[in-house]
Amino acid sequence: MSHAELPYYLAFARVRGIGAVRLRRLKTHFGTLRDAWYANAFDLAAAGLEERLIGALLSARRSIIPETEVERLKRAGATALTWDDETYPRLLREIDEPPPVLFVKGMLTEADRWAVALVGTRRATVYGKQVAEMLAEGLARNHVTVVSGLARGVDAAAHEAALKAEGRTIAVLGCGVDIVYPAEHRRLAERIAERGALVSDYPLGTPPDARNFPPRNRIISGLSLGVVVVEADEQSGALITAQFAAQQGREVFAVPGNILNRSSRGTNRLIQNGAKPVLDVESILEELNLSAVAERVAVAAIAPENDLERLLLAQLSHEPCDVDTLVRSVGLPTEAVIAALTLMELKGLVRSAGGMSYVLA
């Protein structure tokens, strides 16, 4: 990414009210966030910023020094990924208005594009915790990253089981990545950062305010191919995550439970409304075409994307396209195109639609 822009991404992240929509508007209008940061009130108004936010930005500039924000990040042992970063999570980039900055403690990797979220109530029953552990362990053993929210109950059980199975897990926080909430999960958070990542779109030092948690759920679903609600009452925050998943075009799964138990009312209702019931980890893997992730990870590691793959991806959509059309589009020999498509299928980028036709995976 342009390292020159990072201080300004971090500075804008600390101005309340300037989120993805307004930041994109400023970036488009001024060309760089640096110019937007130092713009006068007249020019900010011309860029479409409301008077209230112009006041907030001018006030913030008196106390926030962009370059100091980079130092603060380093001292916290964290990093930041922005819209300009090639390593910004691919799945998250696809959602409406992805967060401009993703604060990270630990590391996100290419393998995390094969991720599934496991979420549920903080007041999990023994059954809920057992199911969360079983599914998280199964996903981890199949090289699928487990995403959750570090909360008590289902979330903690899912993270713990993924770590126990020596898999990757990501915790999405409703506070800064330099703060652990709840406090008793400090050691768990440290282990997650070692074997995965703690992530947040809230700047360093942000306390775990109740209003932060519903919006962060869009990141849990945004980082995942599908969301599994393990156990949830009808008012559970996990159902907000399921809602975001549906809006983002991600698969929604739910674990059926005792109809007399409050903590299964939300999941049973999801199934009634069309969510896919989960009876075992295989049902998730098959539905999301994740049965061969280990092979895909290995292939991706030895065969990184190249210009031909990028050309083919640009030509493909979710409607079948035959090999002859692709050959004409890229102007290369049929053998080269077929060989590239075969490799891309192994990597999970495309899939065969039959009759020598392919679609995006």
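The values are calculated or read from the model by the stated rules, or taken from the named source; none is laboratory data. As the structure is a computational prediction, the values presented were derived from the model and not from experiment. Positions of Cβ are generated from backbone atoms using ideal geometry, with glycine treated the same way; all protein chains shown enter the neighbour counts.
Couple of notes before you dig in:
- Filter result for LEU58 (assigned to a helix (DSSP H, G or I), crowded, with 18+ Cβ neighbours inside 10 Å, over 23 Å from the mean Cα position of the chain (by Cα) and not β-branched (Val, Ile, Thr)): no
- From the options TYR88, TYR127, residue that is over 23 Å from GLY19 (Cβ atoms) and among the aromatic types (Phe, Trp, Tyr): TYR127
- Failed criterion for GLN248 (all others in (1) assigned by TED's automatic domain parsing to the domain that holds ALA171; (2) touching a Phe, Trp or Tyr at 6+ places or on another chain (Cβ under 9 Å) hold): (2)
- Note on region 28-47: among residues that are in contact (Cβ under 8 Å) with a residue 24 or more places away in the chain and touching a helix residue (DSSP H, G or I) at 6+ places or on another chain (Cβ under 6 Å), the one that is nearest to PRO98 (Cα to Cα) is LEU33.
- Residue match in region 92-110 (condition: surrounded by 20 or more Cβ atoms within 10 Å (Cβ to Cβ), touching a residue at least 12 places away in the same chain (Cβ under 8 Å) and in a helix (DSSP H, G or I)): yes
- Summed over region 230-282, the residues that are in a loop (DSSP other than H, G, I, E, B) and not hydroxyl-bearing (Ser, Thr, Tyr) give a count of 20.
- Some residue of region 263-279 being more than 30 Å from ALA124 (Cβ to Cβ), within 22 Å of the chain's Cα centre (by Cα) and crowded, with 17+ Cβ neighbours inside 10 Å: no
- Filtered by the rule that a residue be assigned to a helix (DSSP H, G or I) and closer than 21 Å to LEU6 by Cα, region 33-52 gives LEU33, ARG34, ASP35, ALA36, TRP37, LEU44.
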